[in-house]
Amino acid sequence: MTLLSRRSLLKGSVATVALAMTQRPLSVFGFDAPEPDEELVGFLPDQMIPKDRTMLRWDELTLWITPNDQIFKVAHYGYPEVNVADWKLEVGGWVKHPLTLTLDELKNRRHKTVTATLECSGNGSNPGFMGAIANARWTGTSLRSLLKHAGLHDRAREVVFFGVDQKTENVRSQDFEMHFSRSLALEEAMADDVILCWEVNGEPLSPRNGAPVRLVVPGWFSIAWTKWITRIEVLDRRFMSKYMGREYVTIRGEEVDGKMLWKETQVGLIDTKSIVARVTRRKDGALRITGAAWTDGTPLDRVELQIDDGDWQQVELDRHHRHDKHSWTFWSFVWENPPAGEHKLVSRATDKDGRVQPTLTDPEIKNKRTYWEANQQFPRKIRI
Ligand SMILES: Nc1nc2c(c(=O)[nH]1)N[C@H]1C(S)=C(S)[C@@H](COP(=O)(O)O)O[C@H]1N2
Ligand SMILES: [Mo]
C-alpha cells in the first residue's frame, strides 16, 4: 500500500481523498517527510534539542503519534524499580468499599483508549527545553468507573494518587519520607477520559513512563499524570503536597490600580501554545513551514505565522485530526519566493475562548516569575 502525501491528497479528487482516508493508517499521518528534492533548513542559532536527550526533536517530527522511544521522561525522585509481580493498587479513604486490585484484576476491567498530548509544564521555559511533549494513544481503564465501584462517600472531595517513588522532604522544619503525590478535585477525577493506563501505542507502558500503571489526564500538564501509582485515596479536603502547592505553582503579577497584585496558582490545565517545528526548502525555492499547536482541549480558533515582524498570516490546519480535542494539531504554510538572507519565523495560536498565545513582553509572561506554564511565542531564525 502506498501512502499518499498530503499535497497529492489536496490535489486529488474527492474520490481519491475518500479512498486515501480509508486506506491511510491513522497512526502514520503527520507532516510529509521532506520530499527527495526538498532540503531541511536549519534554525539559527541552533535551538534544537540536544541529540543525547530523550525528547522530541521538532525538526525530525513527521508523525502525529509519537513513537514510544521518543516519548520524553521526567522523574523528580528518580526512577523506582517496581516489582510488577507483587504490585497492587489500593483504593481507600472516603469510599464505601476499599479495594485492593492486582494488575490482572485491573486489566480485566473494561478497556478504554484515549489519544492525548503529554506535555511537561516546564516545556518551553528555555530554548534547550522544548521537546518535553508527545502525543500518544493511552490504554487503560476508566478512573471514574473504578471510583464508582469503590462507592464514593458523601464527604468525598478530592482524589489523591501516590507513586512508588519517594524522597525525604522537609516541611515546616521536619523531615518526612514522602511518596510522589498529586491530586484531582473529585469533579476532575470523574471526567470522561481520565484513565489508569498500562499501555501506550499498543505496547506495555515502559518502566520510565510509569509502569505498571500511571494516570492519564487529557488536557492537563503531565505533572498531573502520576506514574507508578500504588494507592488512590479519597479525601474530604484539599490536598497540598509539594507538587500541588510548593513546586509546580505559578506566580504571576497583575497591575491593579497601579499596584502589583501577585497571584499564586497551581499548574493544571495545558496552555494554548504553538511552535514552528520544521522548515524545508523546495526546488523552486519556496519554503514549507510546518508546526504544531495544542490546548487544554478548548478548540483551536486559528494559528498564525509572522515572518520578519510582518503581518500575521493564517496557516493551514491539519483537518484529519481536528476532532481530536486532546491532541496537538499540525499546521503548515508555504512561503513562495522568500528573499535570500536571515529570517525570523514565529507562530501564535488562538483558541475559541479567545486566549491568544502571548509574547515574552506581554504582561502575562513578563509578570510571571516562575518558569512553568511558559507558553510564550517561540521565535526561530533561519538563513537561506
Ligand atoms: N510518580 C511520579 N509521577 C510523575 C512524576 C514523578 O516524578 N513521579 N513526574 C511528573 C512530571 S513533572 C512529568 S513532566 C511527567 C512526565 O511523564 P513521562 O516521564 O512519562 O514523560 O510525569 C509526572 N508524573
Ligand atoms: Mo513536569
So which of K96, K88 is farther than 30 Å from A374 by Cα and in contact (Cβ under 8 Å) with a residue 60 or more places away in the chain?
K88
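Which residue, of E105, E203, E187, is surrounded by fewer than 16 Cβ atoms within 10 Å (Cβ to Cβ) and touching a helix residue (DSSP H, G or I) at 6+ places or on another chain (Cβ under 6 Å)?
Working: E105 fails: touching a helix residue (DSSP H, G or I) at 6+ places or on another chain (Cβ under 6 Å); E187 fails: touching a helix residue (DSSP H, G or I) at 6+ places or on another chain (Cβ under 6 Å).
Going through E105, E203, E187 in turn, the sole match is E203.
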Does T359 satisfy being of a type in the set (V, I, T), part of a loop (DSSP other than H, G, I, E, B) and modelled with pLDDT of 95 or more?
yes
How many residues does region 105-153 contain that are touching a strand residue (DSSP E or B) at 6+ places or on another chain (Cβ under 9 Å) and either within 23 Å of M55 (Cα to Cα) or within 16 Å of ligand 2 (Cβ to nearest atom) (or both)?
20
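For region 76-97, state whether one or more residues are of a type in the set (V, I, T), surrounded by 17 or more Cβ atoms within 10 Å (Cβ to Cβ), in a strand (DSSP E or B) and within 16 Å of ligand 2 (Cβ to nearest atom). Full working, then the answer.
The first filter runs over region 76-97 and keeps only residues of a type in the set (V, I, T), leaving 82, 84, 91, 95.
Pick out the ones that are also surrounded by 17 or more Cβ atoms within 10 Å (Cβ to Cβ) and you get 82, 91, 95.
Applying the additional criterion that residues be in a strand (DSSP E or B) yields 91, 95.
Filter once more, keeping what is within 16 Å of ligand 2 (Cβ to nearest atom): none.
No: region 76-97 contains no residue that is of a type in the set (V, I, T), surrounded by 17 or more Cβ atoms within 10 Å (Cβ to Cβ), in a strand (DSSP E or B) and within 16 Å of ligand 2 (Cβ to nearest atom).
Take region 213-245 and flag every residue that is small (G, A, S) and without any contact (Cβ under 8 Å) to a residue 40 or more places away in the chain.
Of all residues in region 213-245, those small (G, A, S) come to 219, 222, 224, 241, 245.
G245, the sole residue that qualifies.
Quick check, is V267 of a type in the set (V, I, T), surrounded by 13 or more Cβ atoms within 10 Å (Cβ to Cβ) and at negative phi? Steps first, please.
Details: of a type in the set (V, I, T): yes; surrounded by 13 or more Cβ atoms within 10 Å (Cβ to Cβ): yes; at negative phi: yes.
Judged against the criteria, V267 is a match.
Of these, T139, T117, T168, which one is closer than 16 Å to V74 by Cβ, hydroxyl-bearing (S, T, Y) and either assigned to a strand (DSSP E or B) or more than 16 Å from ligand 1 (Cβ to nearest atom) (or both)? Spell out the reasoning first.
On the way: T139 fails: closer than 16 Å to V74 by Cβ; T168 fails: closer than 16 Å to V74 by Cβ.
From the options T139, T117, T168, the qualifying one is T117.
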Matching residues, region 232-263, being within 11 Å of ligand 1 (Cβ to nearest atom), over 10 Å from R182 (Cα atoms) and either in contact with a helix residue (DSSP H, G or I) (Cβ under 8 Å, 6 or more places away or on another chain) or in a strand (DSSP E or B) (or both):
Y248
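The values are calculated or read from the model by the stated rules, or taken from the named source; none is laboratory data. For clarity, every value in this text was computed on a predicted model and none was experimentally measured. Glycine also receives a Cβ, built like all others from the backbone with ideal geometry; neighbour counts cover every protein chain displayed.
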